[in-house]
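Contents: one structure, followed by commentary.
The values are calculated or read from the model by the stated rules, or taken from the named source; none is laboratory data. For clarity, every value in this text was computed on a predicted model and none was experimentally measured. No Cβ is skipped: glycine too gets one built from the backbone with ideal geometry, and neighbour counts run over all protein chains shown. What goes into the accessible areas is simple: the full protein's heavy atoms, side chains included, and nothing from ligands, DNA or RNA. Shrake-Rupley method; radii C 1.70, N 1.55, O 1.52, S 1.80 Å.
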Amino acid sequence: QSNQKPPAASKRPVPPMRAAKAHAACTVCRWWSLRLPLSMLLLLTWSLPTAPAPKGPRRPRIYVGIPMNWPITKESQKVNLRSLMETWGSHVDILRFYVHDKQLEKFPVDTLSTELSIDLGPYIQPVSMQRSDRLKERHIWEKMWRGWQSAARYYLNDADFFVKADIDSFIVVENLRAYLSFYPPSETHYLGHTLMHEWAKFNLCFNSGVGYVLSRETLRRYGQRLNYGLDTVEIHERKYQCYDRPGPLEDPNTGGCLRELNILPGDTLDSEGRQRFNTFRPRDLLFNMHYRPDDWYWRNKMSIGKKQLGFGCCSPTPMVWHNFKTGAGVFDKDAFHELEYVYHTQPYTAKLKAIELDPPSKQLFQFRPDELTFSVDTHRNAVFSKFDEDWKVGRWLKQHPELQPCFQTDSTCACSLPEAKDFPNGLQFRKNSPCFPGGSLKHGGSCAVECKEGYSKFIPRVEGKVYQGNTENFQCDGGMLMWPMQRCLSTCRVPNPPNSNMILSPGAGEFLSVGATSKISCTNSLHTFEAICRVDGRLHGPVHACSAANHCYRYSLRARGSKYQNEGWDELEFVGGNSVYFHVVPVASGSREDPVKNCHVFNIDEQLILVATEKYYSEQETILQTGTLVTPLSCANQDVEVLTASKESVACSNDASFPKF
């Protein structure tokens with residue numbers, strides 16, 4: 001049957017994929033005679049036609065960005081994250097999770113990395129957001145447009161195509177890479193599952209956020225548009241125009257921004273009108289979908305959509321599946337590994353002839369003009385008198401005609417260099433460089449950078465390896481300024497010892513990188529300690545033992561809560577130096593500073609801890625400010641105060657609780 005000629009009435013030759021389908025169907029019929037379970041039949045049917053890897057130099061490099069709430073606390077979310085990284089996430093070239101930078105400061109990534117036995121650090125992309133990252137508020141749009149801005153700045157030349165996915169999306173990377181090999185990344189392409197339900201109301205067709213693709217040229221233009229700045233509006237004001245706004249609707253807002261740049265969704269249906277980018281799981285699309293013309297999924301798809309029911313839903317070489325959940329917020333823990341087996345193990349395909357991918361049409365998204373209830377012009381604008389120019393395709397470029405040359409493929413526009421206040425911490429232009437903050441950089445030009453005195457150079461890792469791309473230069477590509485990957489970490493200058501009893505090694509005047517330590521030894525004691533260089537550029541650690549090696553104090557404390565009293569609060573003890581101050585400090589529940597890590601279980605964001613703080617001064621500067629946890633107190637659902645703190649002199653010993661971090 002695979003060699004059967006097409007009917008004479010057919011005007012289009014049977015693509016290789018259709019022949020493969022016939023072969024697969026025949027195989028399934030033979031297995032059906034053995035009465036195998038339906039699940040096995042589906043596995044065979046869907047596993048057979050997997051696209052071969054692209055041959056030759058046209059192997060597209062794929063970057064994937066995923067917005068993610070932080071911290072991840074539910075066990076189901078942790079399992080899903082680990083499954084993603086063990087399966088399809090391991091097949092892309094660059095994988096980045098967009099995380100609110102302030103949340104990362106409260107909840108460092110190290111804890112989850114240890115729990116999952118995966119080094120998550122190289123995959124986390126901090127995003128500087130103005131809004132909060134609370135799950136209920138879900139400001140995904142701000143997180144994604146800032147994430148795309150970061151991708152354009154730092155990774156534009158490191159990938160050919162840039163994919164937005166969700167944490168519960170499964171990308172069939174081999175199929176996607178083979179499909180994208182038909183598209184030059186130097187052209188504008190915006191590919192995915194096109195939704196049309198807002199076409200009549202807001203003149204908008206866009207690709208679903210479960211998994212859409214931007215070519216490098218599309219991201220270059222989009223990054224430029226974002227660099228010009230987005231005005232802020234309320235959530236429903238100027239809906240789906242390119243503005244910064246609160247709320248979760250990332251995919252229509254992305255479509256609205258690209259619409260203003262004359263970039264519309266491309267046709268991603270296969271030769272039989274089936275979807276390659278799927279917004280649901282296979283089982284849902286095969287068995288649970290019903291055509292409802294007014295539903296968001298089907299609206300304005302008309303006869304094209306009616307064909308996409310049952311086994312006509314999806315291409316045999318799908319690019320994306322989505323919505324692998326068994327309930328609200330509960331992920332299907334086995335789904336990703338099952339699909340990994342189907343698409344990457346392929347026990348039967350080795351016996352079949354190579355299956356070629358059904359090539360794309362390279363046209364804009366499909367629709368039937370005669371079936372729409374409204375008219376569409378040649379630019380695919382919905383023709384309604386209520387639409388002013390602000391809702392039409394290409395409106396931003398029309399409003400800024402002087403910028404139009406910068407949004408062309410052969411652009412030679414210059415780039416504006418950032419002001420000094422916008423530079424990453426500690427970074428500056430290299431000495432004797434002709435570049436200066438706020439200046440201009442011509443197309444194809446570069447400006448070298450270096451770290452200021454007192455900072456050390458740091459190159460982040462990409463996929464676990466030291467980044468090998470642009471690390472030391474601002475570069476200009478047709479109006480899009482690409483930033484160097486280099487970072488500068490504060491270093492600490494070792495101060496003069498506060499007294500003659502202390503010896504520091506490395507000694508006074510030397511510099512330490514962040515995380516490095518200086519050994520503290522005392523001439524009048526056998527004790528040795530360490531002071532550590534922290535990101536604030538200061539050395540932190542214990543010093544009181546050298547100045548009062550035989551004069552330590554035991555503090556007896558009493559604490560009281562406004563709502564309830566925990567056992568032992570009348571018998572708190574701490575051994576320290578002469579000048580100790582006690583404070584009740586709130587820390588984020590689950591953070592590195594939280595020794596209990598359970599308050600978030602009760603929907604309380606902070607844990608109260610009792611901290612002892614000591615300050616020591618030299619003649620010219622504050623040398624050390626040390627703090628030590630005395631005890632965790634309670635969750636921050638009440639006020640806790642220290643009532644009394646008495647002290648008595650005790651002999652210092654090797655097991656004394658000297659403050660240190």
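Remarks
- Within segment 118-140, the set of residues being modelled with pLDDT of 85 or more and closer than 27 Å to Val320 by Cα comprises Ile118, Asp119, Leu120, Gly121, Pro122, Tyr123, Ile124, Gln125, Pro126, Val127, His139, Ile140.
- Condition met for Arg177 (open to solvent by 10 Å² or more (accessible area, probe 1.4 Å) and at pLDDT 95 or above): no
- Matching residues in segment 152-191 - criterion: being small (Gly, Ala, Ser) and over 22 Å from His344 (Cα atoms): Ala152, Ala159, Ser186
- Restricting segment 275-285 to residues that are surrounded by 18 or more Cβ atoms within 10 Å (Cβ to Cβ) and not polar (S, T, N, Q), the residue that is nearest to Asp332 (Cα to Cα): Arg281
- Scan of segment 182-217 for residues that are in a helix (DSSP H, G or I) and either in contact with a helix residue (DSSP H, G or I) (Cβ under 7 Å, 6 or more places away or on another chain) or basic (Lys, Arg) (or both), ordered by number: Lys201, Phe202, Arg216
- Among the candidates Arg245, Arg221, Arg216, Arg238, the residue that is under 27 Å from Pro401 (Cα atoms), of a type in the set (Lys, Arg) and open to solvent by less than 20 Å² (accessible area, probe 1.4 Å) is uniquely Arg245.
Yes or no, residue by residue, for (1) within 25 Å of the chain's Cα centre (by Cα); (2) under 30 Å from Gly121 (Cβ atoms); (3) crowded, with 19+ Cβ neighbours inside 10 Å:
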residue	(1), (2), (3)
Lys442	no, no, no
Ala448	no, yes, no
Lys452	no, yes, no
Gln468	yes, yes, no
Trp483	yes, yes, yes
Pro495	no, no, yes
Leu504	no, no, yes
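- Considering the conditions (1) under 20 Å from Ser591 (Cα atoms); (2) open to solvent by less than 30 Å² (accessible area, probe 1.4 Å); (3) in contact (Cβ under 8 Å) with a residue 12 or more places away in the chain, Asp119 is excluded by exactly one of them, (2).
- Residue that is surrounded by the fewest Cβ atoms within 10 Å (Cβ to Cβ), among those in segment 150-164 that are in a helix (DSSP H, G or I) and aromatic (Phe, Trp, Tyr): Tyr154
- Number of the condition not met by Tyr341 [criteria: (1) free of Cβ contacts under 8 Å to residues at least 40 places away in the same chain; (2) surrounded by 15 or more Cβ atoms within 10 Å (Cβ to Cβ)]: (2)
- Criterion applied to Leu629, Leu624, Leu643, Leu608 was being of a type in the set (A, V, I, L, M), surrounded by 16 or more Cβ atoms within 10 Å (Cβ to Cβ) and at pLDDT 85 or above, and the one residue passing it is Leu608.
- So Asn425, is it without any contact (Cβ under 8 Å) to a residue 12 or more places away in the chain and either out of contact with any Ser or Thr (no Cβ under 6 Å at 6 or more places or on another chain) or surrounded by fewer than 19 Cβ atoms within 10 Å (Cβ to Cβ) (or both): no
Yes/no per residue for (1) assigned to a loop (DSSP other than H, G, I, E, B); (2) crowded, with 21+ Cβ neighbours inside 10 Å:
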site	(1), (2)
Trp296	yes, no
Asn300	yes, yes
Ile304	no, no
Phe311	no, no
Pro316	yes, yes
Thr326	no, no
Lys333	yes, no
Phe336	no, yes
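- Restricting attention to segment 402-417, the residues being closer than 25 Å to Leu258 by Cβ and either in a loop (DSSP other than H, G, I, E, B) or among the small types (Gly, Ala, Ser) (or both) number 8.
- Residue tally, condition open to solvent by 70 Å² or more (accessible area, probe 1.4 Å) and closer than 25 Å to Phe206 by Cα, over segment 405-422: 2
- Lone qualifier among Glu573, Glu593 - being within 30 Å of Ser649 (Cα to Cα), open to solvent by 80 Å² or more (accessible area, probe 1.4 Å) and assigned to a strand (DSSP E or B): Glu573
- Residues of segment 61-93 satisfying the condition of being farther than 26 Å from Leu191 by Cα and aliphatic (A, V, I, L, M): Ile72, Val79
- Residues located in segment 92-135, provided they are farther than 22 Å from Asn603 by Cβ, outside any helix (DSSP H, G or I) and of a type in the set (Asp, Glu): Asp93, Asp119
- Across segment 156-165, the number of residues qualifying as among the acidic types (Asp, Glu) and modelled with pLDDT of 95 or more comes to 1.
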